[in-house]
Amino acid sequence: MSRVAPLATDIILQAQNVSKRFGGIQAVDNASLQVGRGKITGVIGPNGSGKSTMFNLITGLEKPDSGQIIYKGKNIAGKPSHIVNRMGMGRTFQLTRLFGTMTVLENMTVVTKENFGGAEALARELLANLGLSRLSNEYASNLSYGQQKLVEFLRLSMIESDLILLDEPFAGVNPVMEKKLLEQIDAWIIEGKTILLTDHEMAIMMELCESIFVFDYGSVIAHGTPAEVREDRRVMEAYFGS
Amino acid sequence: MDIVQVVISGILLGGVYTLFATGLNLIFGVMKIINLGHGELMMLGAYITFFLSTSAGVNPLVSIPVAAIAMAVLGWILQFALVERVVNQPAINSLLLTFGLSTLMMGVALNLWTSNFRSVIYEPLTGSWTILTISFSRSRLVAFFIAILVTGGMWLFLKRSTFGKSIRATSQHPQVAQLCGIDVRQVRFATFALGSAMAAVSGSLIAMIFTVSPEMGRMFIGKGFAIIVLGGLGSFAGAFLGALILGVSETLTAFFTNTQIAEGVAYLILLLVLVVRPSGLFGKAEE
Amino acid sequence: MATRTPPVTDQAPNDTNVDAYTPPGWEKYIGWAYLVGLIISVIFLLRLPIAADAYTVTLTLTVLLVITLSTSWNWLSGFGGYTSFAHAGFFGIGSYIGALLLHYEKMHWIPVMIVAGIGCGIIGFLVGLPTLRLRGPYFAIAMLAFTELCRVIALAWDDVTLGGNGVFLPILRLQLPEENMSFWEEAQMTFHNNQNYYAMLVLATIACIWSYVLGTSRWGLKLLAIRDDEVAAQAMGIKTTYVKVTTFAGSAVFPGIAGAIYARHVGYIDPVTVFAIIWSIRAITTSIFGGRGTIIGPILGAVVLTLVSEKVWEQDPNLYQIVYGGIIILVVLFMPGGLMALLQQRNIFPRSRRI
Amino acid sequence: MSASKVNRRELMRRAAILGVSVPAMSALLAAEAGAQATPAGTVAAAPTGDPIRIGASVSTTGTNGRTGLYQQEAYLLWEAQKNASGGLLGRPVEMVLYDDQSDPTTGARLYERLITEDQVDLVMGPYASGVTQAVAQITERYGYPLLVAGASANSIWESGFRAIFGVYSVAGDYFKDIITTIAPAQDYKTAAVIYEDAVFPMSTGQGAVTTLQDQGIEVVLEESYPQKATDVSSVLTKIRDLDPDMLIGGSYLPDSVLIVRQAKELGLNPRLYAFSVGAAQPDFVETLGADANYVLGPSMWEPEIETEGNADFMAAYQQMWDRDPDYHSATGYAGCQILERAVTNVGELDLEALAEALSSLTMNTILPGEYRVDETGKQIGHIPLTVQWQDGQKIIVAPEDQQTGELNLPTPPWDERS
């Protein structure tokens, strides 16, 4: 059972009783969550608890079996992902998904709606900001993992997104790169964007997020502020098992 | 009665298709490779039977295992030398590679044996057995039973034997199989050898039913695809049922319209199944 | 998967040590170099029928035909990564539309070519819409089936297509040179006697120019994105279905027109010849041999492979099939990136979308 | 010429064999020369000057490779004979040969090459109707007369070509004797006609249908089947129900074999079987054994017929190629005979005059009947033979003056055959 209480804040995304089954596995089971506009919301849970599936359902990569996903007041459940994206929702993937045979610059320019010239100028500026200009003509597949993460972040900046979903952005990233990623997240918040984030780095999650949803076996087992979640017995059980 | 005859003819035709499709299917199941050269492996099997029976006077039925073993060896070599290099590469590479093989083998056959149509006469298998005015073509009935035997044997082998289990494990999850200590490379070699052997068996049987020529493989490859897609790529029972369905729908279409249109049935089925239900009629849904 | 393999630098050891690649200075002049090259080639090829014998002209026509096929194949299958075996189907449909219109309607040939192209474009759209959802081998099989189905239809639909009898096209009689022809009259005669050659030249030229436009545009980048990671492309807002289907339909126009020109040139077609799978294979092998996913790869591949296979075939037609099969195998095994990748790895050509 | 290397190599090998038996060969050649236009008593002078180059492409590989090879051997035999007996117009003869791999497009391309790059003086026809259809476009474009020595589809002469001349009967007339002479004699009233969907078999099948209708025989079923068919059981089941007196197949060898096998399997028992190509070939009986018996088929020529120069041709052919000629060899050879006569009559290599000569020429060849064409170039003087397999032997059963045995009909039902 979800215990989502209506919040007073402005809600940009609301998933209601969403379920998804793959063959014999109930990947997401009647889960609900809410994301407040301009905030950083976190999703945590053990591996295989359905976080990534939830992200895929929200971004239109999977179609939910039941339930509604209300984004900016519209039900987007089952809408193809490019439509969802064009409604202002961007995402990164657990393993980076850059276009390997394209250069960094091309990776960034291909996704915008702007004209080519304008997009390129913007991309160069973004790269320069993070000191990555020299990589702009490099093939994405030649970058280090951390660099790829960063470029994936920058690629998100190329599209006009109001809500950004980050799927385990800090996994396998060294501290230097981690700092750069965090800077970018800050920059987005300052720009007024909303962020939905999942990661296993508990310290970062607790520090960043204003509100956290805890998944286990496809259901939301707890939610609240970091402090509330930290105290919740069920969360401990979910992580350390019985 | 005619309609029963047509259905029977269709089922027997399906039996002829089965062996061919099963080998194709086995290779696809394990390696996710569509072997466009399968028809030529069959053709070589047919030639082995032809030469054994005409030059050495070997009973064509006896020549079947010989052809199977010979082609298994060739299959192993082909896998070792060529196909292994494109496993896990994009589909286009294996498609092209096996197409190149197909062209090459056909070219060699044309050079060695010319495009003459040849045929194996095995007197006991000409004509038919008649039951209640329904004719059962002897050669096709025998082919049908051998197909059931071989397919059934293959099924048992995959289900029961350790090596068969390795093959199944590899086909379902190559990485996991490897982690479990299965030598996936060896499994692939064996699979290609087995698939080639099955192609050879079908070739030997087809030599007794149709004429043998270097271009005979191309007649069957399209139908082979239709069957395994219809049955669900990688599914054994599916391929068997798919072959029967194709055989019967071809003969029925030919009976009610004409043989020309029947020729299109395989491709129409293939396209429709791919578009409507890519997992095939009997296959499991894809991930 | 990467078809145009990025130069091997292995995994970057850490976050900061990746060498930045800077293209050579002349990279930005490539577009101009193409323009000059194109103008020179076109002038040369325009004059060819005057300077060379008819056999050379026909051979060149074949090269231009293969350039058209491989270049147009490259758009969806090289840039977009969807291996299509449908080119033979469109080639055959184009041949038939062209041949039947000329046979029954006795229309002027130029509108006939355009109708054949548009027809194939529409069919391409209708076929692509349901089938381009299929991936990898499934799409390839579907397109093989499509081509075979086209052949069966052409054979079975006797009333319209004349079935296995094939279609005779009006005989093109040569104008013979006369005494004291003015330059203009002679040019007209040359054009008249080589209409199909010039038509193929125009078509191939358009295909090449379009290839450059596509390859350097964002549309081309979108195709590359689809090839590299279709899910991510869609999640980043690229309308993948629209891009794929439109590209497929557009690339169907070219084999369609090429088929119609070919039919008119040969003067007799039958279903088995024009729907032969070898037309697709030719487009695919030349494209891969040259370098799929590049602009000049398919053109280079078409020129080299067509001339080489002509030579081999001249030497010994019996060995031709063996050699052709062997070439395909060798290309797949040893140069999957094609000639262009070899040249780029040796830094003879820069890594550039303009190549 | 490079592309003909294979043929040349083969020829050299054959020539070596030839060399062993020069005396025998020259005797034959002299006899052959005597039968030609050479003035009697003149010992053939060695040909001098530039060779007359005659181009042709024949399918020696690909689907029709086997039959095409016979035709090519005939061309080369004629070349060797001419060069041994004074040549053509006193000049040596050189055949420039290519292989079109049974592919119409390739054939067309090769003739263009022969005409424009190799600049041959004359051309001879390729093998098979499909290739000829495509080639005719090219020879017509360049104004070369074409003797069609390896094709007979009616449509070739229905397309308005000016200089395409048939050497033997058109495909539509292949079953004429069977339908107009044999069937009425046996009082057959019904027939089923099936044919492969390709230009030549269709011509034979559709021609048969027309002739049957003219003859007042009911056509109970007419159906085409695809090329390279692997199963015709359904159409045969339909035919079994209709129980026609005759089953006529417009077919090549593999499908003729398939039809007979499946007919036996299904217990289909027409009183008469006839097939357009397969039936006349030795492979037919080799493949089917005793089941080939009773089957009828048209043949354009048979070794034992008594036509002018036939015995000499047989002997020379066996001498040179070490095997018996097929009727495709004979038609190829007859084509050369006709070309030779036309060139000799014209006295020079003027293409227009040659075309004129070919359209008005009447002459005897080794084929039965005579060479004579109508205004479209269609052959009307040739008389096709009808053969029947009897105890593994091919017997000529029609026309009457060429018979080598009695017709053996009706075909007994399968279960009454020994």
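The values are calculated or read from the model by the stated rules, or taken from the named source; none is laboratory data. All figures in this text were calculated on a predicted structure; none of them were measured in a lab. Neighbour counts run over all protein chains shown; Cβ positions are idealised from the backbone, glycine included. The area values use the complete protein model at the heavy-atom level, side chains included, leaving out ligands, DNA and RNA. Shrake-Rupley method; radii C 1.70, N 1.55, O 1.52, S 1.80 Å.
Can you work out the FRET efficiency for the pair A:Gln94 and A:Glu125, with r the C-beta to C-beta distance and R0 = 30 Å, to the nearest 0.05? So the FRET efficiency works out to roughly 0.60.
Can you pull the mean other chain C-beta count within 10 Å for peptide D:361-372?
Across D:361-372, the average partner-chain Cβ count within 10 Å equals 0.
Using the Cβ-Cβ distance between D:Gln393 and D:Asp118 with R0 set to 30 Å, the FRET efficiency works out to roughly 0.10. Placing a pseudo-label 7 Å from each Cα along the Cα-to-Cβ vector at B:Leu272 and C:Asp53 gives an inter-label distance of 5.5 nm.
Axis angle, to the nearest 10 degrees, between helix D:22-35 and the longest C-alpha principal axis of chain D: 80 degrees. The calculated FRET efficiency for D:Gln186 paired with A:Asn47, based on their beta-carbon distance and R0 = 60 Å, is about 0.10.
Modelled spin-label separation between D:Gln213 and C:Lys311, with each label point placed 7 Å from Cα along the Cα-to-Cβ direction: 5.6 nm. Each residue, A:Lys74 and D:Gln403, gets one label point 7 Å from its Cα in the Cβ direction; the gap between the two is 9.0 nm.
Taking a 19 Å limit on the Cα-Cα distance, which of the listed pairs A:Lys20/A:Lys149; C:Lys222/C:Lys244; B:Lys32/C:Lys244; B:Lys159/B:Lys223; A:Lys63/B:Lys32 fall beyond it? Provide the component values of the computation, followed by the final result.
Working: A:Lys20/A:Lys149 28 Å; C:Lys222/C:Lys244 9 Å; B:Lys32/C:Lys244 24 Å; B:Lys159/B:Lys223 27 Å; A:Lys63/B:Lys32 27 Å.
Violating the 19 Å Cα-Cα cut-off are A:Lys20/A:Lys149; B:Lys32/C:Lys244; B:Lys159/B:Lys223; A:Lys63/B:Lys32.
In whole angstrom, how far apart do the alpha carbon centroids of region D:309-336 and region B:125-159 sit? Using only Cα atoms to place each centre, the spacing works out to 46 Å. For region B:138-228, the square roots a ≥ b ≥ c of the C-alpha gyration tensor eigenvalues yield an a/c of 1.5 or more together with a/b exceeding b/c, which makes the shape prolate. To make sure I understand the rule: partners must be aspartates and glutamates, Cα under 12 Å from the Cα of A:Lys113, and not fewer than 8 residues away in the same chain. Which ones qualify? Output for A:Lys113: A:Glu160. Packing, as the average of other Cβ atoms within 10 Å across residues, places the peptides B:40-50, D:338-348, A:164-174, C:215-225 in the order B:40-50, C:215-225, A:164-174, D:338-348, highest first.
For chain C, what is the mean residue ellipticity at 222 nm derived from helices alone (per DSSP H run of n ≥ 4: -39500 (n - 2.57); sum divided by total residues; nearest 500 deg cm²/dmol)?
Computed mean residue ellipticity for chain C: -22500 deg cm²/dmol.
Helices of chain B meeting both criteria, an alpha-carbon length of 24 angstrom or more along the long axis and an average Kyte-Doolittle score not below -1.0, with helices taken as full DSSP H segments, are B:2-31, B:38-55, B:60-81, B:91-113, B:138-160, B:184-209, B:236-256, B:259-276. Overall form of region D:163-236: oblate. Here a/c, set by the Cα gyration tensor axes a ≥ b ≥ c, is 1.5 or more, and a/b is not larger than b/c.
When 1/r is averaged over all different Cα pairs and the result inverted, which Kirkwood radius in Å belongs to chain C? Write out the running numbers ahead of the final one.
Details: mean 1/r = 0.0467 Å⁻¹.
Answer for chain C: a Kirkwood hydrodynamic radius of 21.4 Å.
If you look at the Cα atoms of chain D, you get an Rg and a Dmax of 21.4, 68 Å. Net charge of the neighbourhood of D:Gly332, taken over other residues with C-beta under 10 Å away and scored Lys/Arg +1, Asp/Glu -1, is -2. Within the full protein context, the accessible area of B:Ile148 is estimated at about 70 Å² for a probe radius of 1.4 Å.
Against chain C, whose longest principal axis comes from its Cα atoms, helix C:183-193 is set at around 80 degrees.
When the helix-only estimate is applied to chain B (DSSP H runs of n ≥ 4, each -39,500 (n - 2.57), divided by the residue count), what is the mean residue ellipticity at 222 nm, nearest 500 deg cm²/dmol? Walk me through the intermediate numbers first.
Values: 11 runs with 214 residues, N = 287.
My calculation for chain B gives -25500 deg cm²/dmol from helical runs alone.
Relative to the longest principal axis of the Cα atoms of chain D, helix D:129-141 runs at roughly 40 degrees.
Summarise the partner chain shielding of D:123-131 as one whole number: the mean count of Cβ atoms from other chains within 10 Å of each residue's Cβ. Display every interim value, and only then the final one.
Numbers: counts 0, 0, 0, 0, 0, 0, 3, 7, 1.
Mean partner-chain Cβ count within 10 Å for D:123-131: 1.
Using a Gaussian network model of chain A in which every pair of alpha carbons under 10 angstrom is joined by a spring, one finds that among A:Thr101, A:Thr194, A:Thr41 the greatest mean-square fluctuation is at A:Thr101. Tally Lys/Arg at +1 and Asp/Glu at -1 over every other residue whose Cβ is under 11 Å from the Cβ of D:Ser169; what's the total? Value of the local net charge: 0.
Taking all pairs of different Cα atoms in region C:255-351, averaging 1/r and flipping that mean, what Kirkwood radius in angstroms comes out? Provide the component values of the computation, followed by the final result.
Working: mean 1/r = 0.0679 Å⁻¹.
One decimal place: 14.7 Å for the Kirkwood radius.
Distance from the alpha carbon centroid of region A:120-192 to that of region C:157-225 works out to 50 angstrom. Per residue of peptide B:250-258, the mean number of Cβ atoms on other chains within 10 Å of the residue Cβ is 5.
Here the protein assembly as shown was treated as a single set of alpha-carbon atoms; its pair distances binned every 10 Å from 0 give 2, 8, 15, 19, 18, 15, 10, 6, 4, 2, 1, 0, 0 percent.
Packing order of peptides A:31-37, D:184-190, C:208-214, highest average first: A:31-37, C:208-214, D:184-190 (average count of other Cβ atoms within 10 Å over each peptide's residues). Over the Cα atoms of region B:46-137, the radius of gyration divided by the Kirkwood radius equals 1.12; this is the Rg/Rh ratio. Cross-link partners for D:Lys82 among the lysines, with Cα-Cα distance under 29 Å and sequence neighbours closer than 8 places in the same chain left out: D:Lys5, D:Lys378. Taking amide H as placed 1.01 Å from N in the peptide plane, the amide H of B:Ile182 sits under 5 Å from none that are at least 5 places away or on another chain. Cα centroid separation, region B:169-218 to region D:368-418: 49 Å.
What is the local net charge at B:Pro174, summed over the other residues whose Cβ is closer than 10 Å to its Cβ (Lys, Arg +1; Asp, Glu -1)? Show your work: numbers first, answer last.
Values: positive: B:Lys32, B:Arg188; negative: none.
Here the count lands on +2.
Report summary: the helix-based calculation at 222 nm, which adds -39500 (n - 2.57) for every DSSP H run with n ≥ 4 and divides by the residues of chain D, gives -13000 deg cm²/dmol. For A:Lys193, the lysines whose Cα comes closer than 18 Å to its Cα, not counting residues fewer than 8 places off in the same chain, are A:Lys39, A:Lys72, A:Lys180.
With a 10 Å radius around each residue's Cβ, average the other Cβ atoms per peptide and rank C:147-160, C:60-73, highest first. Working shown, then result.
Details: C:147-160: 20.9, C:60-73: 27.1.
Packing order, densest peptide first, comes out as C:60-73, C:147-160.
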